[in-house]
Ligand code: SAM
């Protein structure tokens, strides 16, 4: 059963209100009628089974029948640092990283980033990115949508995870161990950071700075992957290893 994300303000127990694009979808596309039941979510780990009490092109209301809480974590949190990429590539990484279960996504400004954030557009850009992850979280029936942070400079980013047990830096042309071999844990209280470079790759000093902050350089093989491919490949391997792509106890 699909789960529709609602703005938390539209959920006021025992009632919910449906507006905007979702209203159009449930009224016009799904032809929802009073008495029908839907699953809605606040996108922050709570779902509600509701019964529609009224539904028109202007407004839909529902009554909460049951409240469901997100099951407790069974795997570490995964934070993806992704160097800003040109055009739709960044949007694509945000969407796929959401489907693959990333918990937080941090856009990165690196020495070879072709794309530089513009202060005047930052907040609109972040809001757009979070709409992409919200839509992808809804489509993939996640309990929560990952947060896309404001872009961070590389040196600030690598300094934020001293309490994070596993920090992986996929770096091209390095003779490092494969990402499938590097030590990572499955403790739900732990966190795993992955950092993917820009189209131009990492500057040598960025790899050295990261190593000083505890990042372990890893290889994704001998082929040079596009940044967006590397993000999905690395995330997939890590998620598989911690049991997030099907249990592998
Ligand atoms: N312009 C760089 C070059 O030709 O060496 C390639 C950079 S690649 C397009 C972008 C990012 O993807 C890299 O900074 C790295 O994080 C990741 N990446 C791509 N291929 C990789 C590989 N074989 N091993 C590890 N990381 C890789």
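Taken together, the values in this text are just the output of simple stated rules run on the coordinates, not laboratory data. Computed from a prediction, not measured in an experiment: that's the story for all the values here.
Which whole number in µm²/s is D for the range 1-152 by Stokes-Einstein, with the Kirkwood Rh taken over Cα pairs at 25 °C and 0.890 mPa s?
Details: Rh = 16.8 Å.
Value of D from the Cα-based Kirkwood radius: 146 µm²/s.
Alpha carbon centre of the range 43-113 versus the range 156-224: separation in Å?
24
Have a look at 199, 174, 141 and tell me which one the Gaussian network model of the chain (Cα, springs below 10 Å) gives the largest fluctuation.
Residue with maximal mean-square fluctuation among 199, 174, 141: 174.
Against the longest principal axis of the chain, how steep is helix 122-139, in degrees 0 to 90 to the nearest 10, with axes from Cα atoms?
Taking Cα atoms only, the helix is inclined about 70 degrees.
What do you get for the angle between helix 227-241 and the principal long axis of the chain? Use alpha-carbon atoms, 0 to 90 degrees, nearest ten.
Once rounded, one gets 80 degrees.
May I have the convex hull volume per residue, in Å³, for the Cα set of the range 36-79?
Once divided by residue count, the hull of the range 36-79 is 92 Å³.
Suppose a student asked you for the relative contact order of the chain, using Cα pairs under 8 Å spaced at least 6 residues apart; what percent would you report?
20
Could you state the angle between the C-alpha long axis of helix 88-99 and the longest principal axis of the C-alpha atoms of the chain, as a value from 0 to 90 degrees rounded to the nearest 10?
70
GNM on the chain, C-alpha springs below 10 Å: top fluctuator among 76, 204, 117?
Highest fluctuation of the listed residues: 204.
Of the candidates 171, 60, 231, which one comes out as most mobile in a Gaussian network treatment of the chain with C-alpha springs shorter than 10 Å?
Of the options given, 60 has the highest mean-square fluctuation.
Calculate for the chain the 222 nm mean residue ellipticity that helices alone would give, adding -39,500 (n - 2.57) per DSSP H run of length 4 or more and normalising by residue count, nearest 500 deg cm²/dmol.
-7500 deg cm²/dmol
Quick one: what does P(r) look like for the range 110-208 with 10 Å bins over all Cα pairs, in whole %?
12, 33, 40, 14, 0
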